[in-house]
Amino acid sequence: MEWILAVVLGIMACYYMVRFYRLKANLKAAEDGLREIEQNPGENRILLISFPDKDAERILEAVNAYILLTRKERIFYRQREKKLRAQIENISHDLRTPLTAIIGYLELMDADKWGREEEEMMTAVKKKARVLQSLLGNFYDLSRLEMNDYHFNLEKLDIVRLIRETSLLFYRQFEERGLSVEISMEEEPVFIQADVGAMERIIHNMLQNAFRYAESYLKIAVCRENGKPALLFENDTTVLQESEVEHLFERFYVQEKSRTSQSSGLGLTINKLLAEAMGGSVEARLAAGRLLIVYRFEEA
């Protein structure tokens, strides 16, 4: 009788041991499946089990239903965001044309017949119109970049020469602001693989950013970091906190103190997208009241 009991207990032990290892194998397969879905969320996949098991099948059925619901929501929001970007692009384009015409007519108006008060008013109107033109341009470019509709012509470009030529356009503005500008770069050309227009836009945005927010100086340097050509912009700041640095490249991020500067908060966002689209990268660092923004590009 005892041997019969021992056999029964042995069979039960073997059964539960097999069941335990099958359950463990199913959990491992589910874990691997979840990790693969996490790495490739766009793929139309569901979780599968290695061995038939009703309890595991019920759990995976619930998980798969949640995965399908999440995938549908992701597709819905992605399509809605794409439509929104297209609408922003269309609206920006439609507004830019009449605004350009308005600015043109303002420039053609005869200022000789104006008194001092009228001239000051017209100067203010022109300034506001140009600010609006710049904001619309940023919205338009951002939507094109995010929809991969921005066309690049990558070529061999001397970044040293481009820095010198572009920075000269801001010389008087920096002088009026009392900003000390230091340009440090090699005498020999430094060639990168880039689009001329995109690089001019990056440098222009960085100079405008420094003009608005630098306290007393701006330093521009071309060097090498980790074997790649790098473009550095450094300025002092007393308003930026270390916790804010990671948000600098986010869309529409503007410091509270800077909201009256008529900035859209898109300049650095556009710069990041432009740099990455050309195979480069950008990062920001803050130390001892010095903001350093570094762009790295592929050497040509």
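Once the Cα atoms of helix 196-213 and of the chain are each reduced to a long axis, what angle between those two axes, in degrees from 0 to 90 to the nearest 10, is obtained?
80 degrees
What are the extents of the Cα atoms of the chain along their three principal axes, in Å, largest first?
Sorted largest first, the three principal extents are 120, 45, 38 Å.
What angle do you read, to the nearest 10 degrees and between 0 and 90, between the alpha-carbon axis of helix 116-146 and the longest principal axis of the chain?
Tilt relative to the chain: about 30 degrees.
Would you pull out the residues with amide H under 5 Å of Val181's amide H, same chain only if 5 or more places away, H placed 1.01 Å from N?
Leu218
Give the Debye-formula value of log10 I(q)/I(0) at each listed q (0.29 Å⁻¹), with one equal scatterer per alpha carbon of segment 98-139, two decimals each.
-1.01
Relative to the compact globular guide of 2.2 N^0.38 Å, what is the alpha carbon radius of gyration of segment 167-258, as a ratio?
Taking the Cα Rg and dividing by 2.2 N^0.38 Å, one obtains 1.17.
What is the percent of Cα-Cα separations in segment 89-169 that go past 16 Å?
Result for the distance tail: 68 percent.
What does the highest-first list of 161-168, 214-221 look like by mean Cβ count within 10 Å?
By packing density, highest mean first, the sequence is 214-221, 161-168.
In whole percent, what relative contact order does segment 56-153 give with Cα contacts below 8 Å and a gap of six or more residues? Don't skip to the end; give the middle numbers.
Details: 35 pairs, mean separation 42.3, N = 98.
The normalised contact order for segment 56-153 reaches 43 percent.
Taking 0.36 nm per intervening residue step and subtracting the Cα-Cα distance, what contour gain separates Ala277 from Phe152 on full extension?
44.2 nm
Starting from the Cα-Cα distance between Ala25 and Lys54, subtract it from 0.36 nm times their residue separation and give me the gain in nm to one decimal.
9.0 nm is the gain from fully extending Ala25 to Lys54.
Over the chain, what is the relative contact order in whole percent, taking alpha-carbon pairs under 8 Å and six or more residues apart?
Once divided by the residue count of the chain, the mean separation gives 14 percent.
Karplus couplings for segment 242-249 from phi (6.51 cos²θ - 1.76 cosθ + 1.60, θ = phi - 60°), rounded to Hz, Gly and Pro as x?
4, 5, 8, 4, 5, 9, 4, 9
Counting only residues 5 or more places away or on other chains, whose amide H sits under 5 Å from the amide H of Ala230 once H atoms are built in the peptide plane?
Cys223, Arg224, Glu225
Whole-Hz Karplus ³J(HN,Hα) for segment 92-100, in order, using 6.51 cos²θ - 1.76 cosθ + 1.60 and θ = phi - 60°, x for Gly and Pro?
Once rounded to whole Hz, the list reads 4, 5, 5, 7, 5, 4, x, 5, 4.
Long-range amide H contacts for Ala300: which residues qualify at under 5 Å (H placed 1.01 Å from N, peptide plane, sequence gap of 5 or more or a different chain)?
Amide H neighbours of Ala300: Phe191, Ile192, Gln193.
Let me know the shape class of segment 52-195, please: from the alpha-carbon gyration tensor, a ≥ b ≥ c as square roots of the eigenvalues, rounded when a/c is under 1.5, otherwise prolate if a/b is greater than b/c, or oblate. It would help to have the intermediate numbers written out before the result.
Values: a/c = 3.36, a/b = 1.76, b/c = 1.91.
Taking the square roots of the gyration eigenvalues as a ≥ b ≥ c, segment 52-195 is oblate.
Which entries in the list Lys127/Lys219; Lys128/Lys228; Lys156/Lys272; Lys82/Lys219 go over 30 Å, if you measure between the two C-alpha atoms of each? Walk me through the numbers on the way to the answer.
Working: Lys127/Lys219 28 Å; Lys128/Lys228 40 Å; Lys156/Lys272 20 Å; Lys82/Lys219 38 Å.
Pairs exceeding 30 Å: Lys128/Lys228; Lys82/Lys219.
Per residue, what accessible area does the chain have, given a 1.4 Å probe and all protein chains present, in Å²?
With the other protein chains kept in place, the chain gives 65 Å² per residue.
The values are calculated or read from the model by the stated rules, or taken from the named source; none is laboratory data. What you see is a predicted model, and the numbers here were worked out from it, not measured in a lab. Every residue, glycine among them, receives a Cβ derived from its backbone with ideal geometry; neighbour counts consider all protein chains shown. Calculation scope for accessible area: heavy atoms of the full protein, side chains included, ligands and nucleic acids excluded. Shrake-Rupley method; radii C 1.70, N 1.55, O 1.52, S 1.80 Å.
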